[in-house]
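Worksheet for the structure shown next.
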Amino acid sequence: MTLLQNTDKSSAIICVAVPVPLRQTFDFLAPQTGIQPQRGARIKVPFGSRTLIGIIVAVKQDSEYPIARLKTALEVLDTEAVFDEPLWSTLEWLARYYLAPIGEVLALAQPVLLRQGEALSPTSIKTWSLTDHGRSSAIEELNRAPLQLAIVKRFMRHTSLSPSDFKDESASWRQAISALVSKGWVEEYAAQPRLVVSRVEPAAELQLNPEQAAAAKSFVTAVAAREFACHLLHGVTGSGKTEVYFAAIQAALDQQQQTLLMVPEIGLTPQLIERVERRFQVPVVTMHSNLNDRERHLAWWHARTGEAKIIIGTRSAMFSPFANLGLIVVDEEHDNSFKQQDGVRYHARDMAIYRAKTHGIPIVLGSATPSLESYANALSGRYQLHTLGHRATSAELPKIQLVDLAHQPSNDGLSPAMLEAIKITLAAKKQVMLFLNRRGYAPVLFCSSCKQACKCHRCDSYLTLHRRAYKMRCHHCGYEGRIPELCGHCGAKELVDVGDGTQRVEDALALRFPEARLLRIDRDSTRRKGELAEMLELARAGEVDIIVGTQLITKGHDFPDIALVGVLEVDQSLYSTDFRATENLFQQLLQVAGRAGRREQVGQVLIQTRFTEHPIFETIRQHDFSAFAGQLLAEREAAGFPPFGYFALLRAESPHQAQALQFLRKAKQDLQPCAGVMVFDAIPAPMERRAGRYRAQLLITAEQRSGLNATLATWLDFLAHDTEAKKRANAVRWSLDIDPQDFF
Ligand SMILES: Nc1ncnc2c1ncn2[C@@H]1O[C@H](COP(=O)(O)OP(=O)(O)OP(=O)(O)O)[C@@H](O)[C@H]1O
Ligand SMILES: [Zn+2]
């Protein structure tokens, strides 16, 4: 296409990425007045009948489109770019790699308030602090106003407080604050929110053991050198990886540089934040999905201005700008929560690696059970491997034994051997942790007359019985209904609950160990914001004796008193069809086992199974990650599976059974595979119907990443321009997942 020159030099042409699901940018004429447009700034543009806020990708003098048909943009919002340069390149890479619309990627990278057009710097907010009078008054004066007393006590940790600090409180805190203001104890003002260092007792540095010291030394050197390199810290559970990260963080602080510490969704515990704050007396911000819009904007701003020296966050923290980033650490790098499962389906760890490269800084990936991708890269020498083979404390790795359910059946999920071990552990005043990845009371309600089970009418799945809530619930679509008295199929009154969920186990334990303090941790028991953190804290503080939980309890937690870990059910995962199932199971078992015996005496792990001969157990018993990974990698290599081959999954769903499959079949015809690319047949998803929609998928594999990317990019262009194809695509809901984590 020939380029049309814009003859009117006064109005530049601006190329804008708008938040729409189209893999293209749009040209506009610059507004005649207002802020000078520049790359990276936000701009308001007319888009169809709407006004959208996009990001300026380029300012130029010509367009591929006839100038006369270009619309004029409405208003430039920023006098500077929203993102720093390395972040900008990372976002461009993200759009290319995941074949995602650039406008959506750039929108994803902004806090919601910025997407809505608020100023880059957060506006002033209502703030309170103690007056001199308040500081010098005797706190006992407030003994009869407990809420006021609690608020004043908070000021001992925080110099200033804002409404968001009280978001978890009952509404009466407002009255309490007002009362304090009228008494002259507290003053109110509007402030540009500043970051303050938490006033916690500093913690002494631990003396690193030789393995820790060796790894720390490499990281410190790498941070000082300011060179990109990817380090894999493979340290067995409880080997003290956090202390090694701390050494690297200290090195970054010494250079006046920021650190981004990424943790999985549930790894961001008050315990970790406190550990960081005690160790480094510097401003720390956290970024996670529980922040409200204003808090997120603020955290983003503090990262961007460099005021925050350490940024601890989950997946989305990867989108922060930084004033001077010196180090990225990804803890529990194998964790699946780093993969975003809808919208732009990016992997935050992979993005972090790219980002470190663009900043020219080192990145440390840490895990007791690295992902096979990272481990393969370490074996091949692309990443530097550092190993911590021993626990940091005097403790040994726990002893892992199997309980053969074929010989001693379990009752309510608990075998006689498990019960005996629990009894002994409780008698020794130690904690027990029981892992069962199934919430609810019973996974199936079954009619013993007609042999049918109670199913979700919108999904291909059974409804789970929830005794506490007195409901039947679908864990896939969220459907909730009454517990039926009669079978919905034959009308018989012979419904029996089959199988064990965490609630049933909890009930059984309460009967058998009436003295023990029980705590159940699963999605049902932790619905309220902050509840999970509180429960984990109870467990850590030794205020419970038995913890029963789902995968929420397995990872990363450092509970000092757990002597026994019981794994109640693994058999379903042993023979799954998903190619990652074995890897995930191994990681999960080794992680949960790693919670046992983290201090002095050796911990004990019991795994209940009907398949004691399964080869996975021998490597688990030996804690032999390398042997296991080596074997799996050999299998993957032979099959051409990741990390030796590359996968993409095209998913489609529709309320009509045939439509999703038809769309994918046609897609298969339209795809023009580059050399080394294979397109499989479209098939129904393992769970074909979910929330009333029929789901299907098409697997595309490749020997080379570039071939995969090119094949899909060509197809997406075709889809965007071919009228018939566009129509077909609009008739279904479809998505493209590069490097998919699961096939459900
Ligand atoms: N050099 C050391 N000397 C004494 N104690 C240490 C040392 N390093 C770490 N520890 C302690 O060992 C415990 C485990 O450390 P940490 O939580 O960092 O382990 P981890 O490697 O992250 O384990 P996991 O992978 O299981 O989460 C912590 O309580 C920590 O304080
Ligand atoms: Zn359902």
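The values are calculated or read from the model by the stated rules, or taken from the named source; none is laboratory data. In this text the structure is predicted, and so the values were computed from the model without any measurement. Heads up, the Cβs are rebuilt from the backbone with ideal geometry, glycines too, and the neighbour counts pull from every protein chain shown. Accessible surface is based on the protein model in full, side chains and every heavy atom, while ligands, DNA and RNA are left aside. Shrake-Rupley method; radii C 1.70, N 1.55, O 1.52, S 1.80 Å.
Before moving on, here are some points about what is shown:
- Label sites at Gln601 and Gln36, each approximated as a point 7 angstrom past Cα along Cα to Cβ, lie 7.4 nm apart.
- Column: log10 I(q)/I(0), Debye, Cα scatterers of the stretch 379-446, q = 0.11, 0.18, 0.25, 0.27 Å⁻¹: -0.53, -0.93, -1.27, -1.32
- Remark: the Arg382-Ala510 segment gains 40.9 nm on full extension, using 0.36 nm per residue and subtracting the alpha carbon distance.
- Pairs from Lys309/Lys339; Lys455/Lys529; Lys668/Lys726; Lys217/Lys241; Lys668/Lys727; Lys241/Lys429 whose Cα-Cα separation, in the structure shown, is over 19 Å: Lys309/Lys339; Lys455/Lys529; Lys241/Lys429
- Cα pair distances exceeding 52 angstrom across the chain, given as percent: 16 percent
- Take each peptide in 462-468, 240-246, count the other Cβ atoms within 10 Å of every residue, and average; sorted highest first, the result is 240-246, 462-468.
- Spin-label pair Ile424/Lys167, simplified geometry with 7 Å Cα→Cβ offset, distance in nm: 4.7 nm
- Sorted peptide list for 323-329, 508-514, criterion being average Cβ within 10 angstrom, highest first: 323-329, 508-514
- Label-point gap, in nm, between Asp722 and Tyr470 - each point 7 angstrom along Cα→Cβ: 5.7 nm
- Largest-first principal axis extents, alpha carbons of the stretch 617-744, Å: 57, 36, 17
- Segment Ala406..Thr714, full-extension length gain: 105.5 nm, with 0.36 nm per residue of separation and the alpha-carbon distance subtracted.
- Candidate lysines - alpha carbon under 22 Å from Lys183, same-chain residues fewer than 8 apart omitted: Lys126, Lys153
- Mean separation of Cα pairs under 8 Å and 6 or more residues apart, divided by the residue count, gives the chain a relative contact order of 10 percent.
- Loop-located GluC sites (Glu not before Pro) in the stretch 73-155 whose Cβ has at most 12 other Cβ within 10 Å (DSSP): Glu80
- Between Glu613 and Ser136, the FRET efficiency estimated from the beta carbon spacing at R0 = 60 angstrom works out to 0.25.
- Helix-only mean residue ellipticity at 222 nm for the chain, each DSSP H run of n ≥ 4 adding -39500 (n - 2.57), per residue, nearest 500: -9500 deg cm²/dmol
- Cα-derived Rg over Rh, computed across the stretch 4-115 with Rh taken as Kirkwood radius: 0.95
- Computed across the stretch 181-291, the Kirkwood hydrodynamic radius from all distinct Cα-Cα pairs reaches 16.4 Å.
- FRET efficiency, Ala541 to Gln631 (Cβ-Cβ, R0 45 Å, nearest 0.05): 0.65
- For the stretch 103-192: relative contact order, % (alpha-carbon pairs under 8 angstrom, 6 or more apart): 45 percent
- Where a label projected 7 Å from the Cα of Gln669 along Cα→Cβ would reach, residues of the stretch 722-744 with amide N under 13 Å: 724-725, 728
- DSSP beta bridges in the chain [antiparallel fraction, %, rounded to 5]: 55 percent
- Accessible area of the chain divided out per residue, in Å², using a probe of 1.4 angstrom: 45 Å²
- Among 25-37, 355-367, the order from most to least packed when residues are scored by Cβ within 10 Å on average: 355-367, 25-37
- For the stretch 646-738, carbon and sulfur atoms together expose 50% of the accessible surface, with a 1.4 angstrom probe and every protein chain in place.
- Measuring r between the beta carbons of Leu574 and Glu485 and using R0 = 51 Å, the FRET efficiency lands at 0.90.
- The value of relative contact order for the stretch 4-115, using C-alpha pairs under 8 Å at least six residues apart, is 34 percent.
- The alpha carbons of the stretch 102-249 stretch over 57, 48, 27 Å along the principal axes, in descending order.
- Dipole of the stretch 4-115 [Lys/Arg +1, Asp/Glu -1 at C-beta], most positive-end residue of Ser49, Gly34, Trp88: Ser49
- Spatially proximal lysines relative to Lys423 (Cα-Cα < 23 Å; intrachain offsets below 8 disregarded): Lys399
- 20 Å tail of the calculated P(r), the stretch 210-388, as % of Cα pairs: 48 percent
- Net length available on complete extension from Asp254 to Arg154 is 32.9 nm, with 0.36 nm assigned per residue and the Cα-Cα distance removed.
- q = 0.13 Å⁻¹, the stretch 125-191: log10 I(q)/I(0) [Debye, one scatterer per Cα]: -0.30
- Beta bridge orientation in the stretch 210-388: antiparallel %, DSSP, nearest 5: 5 percent
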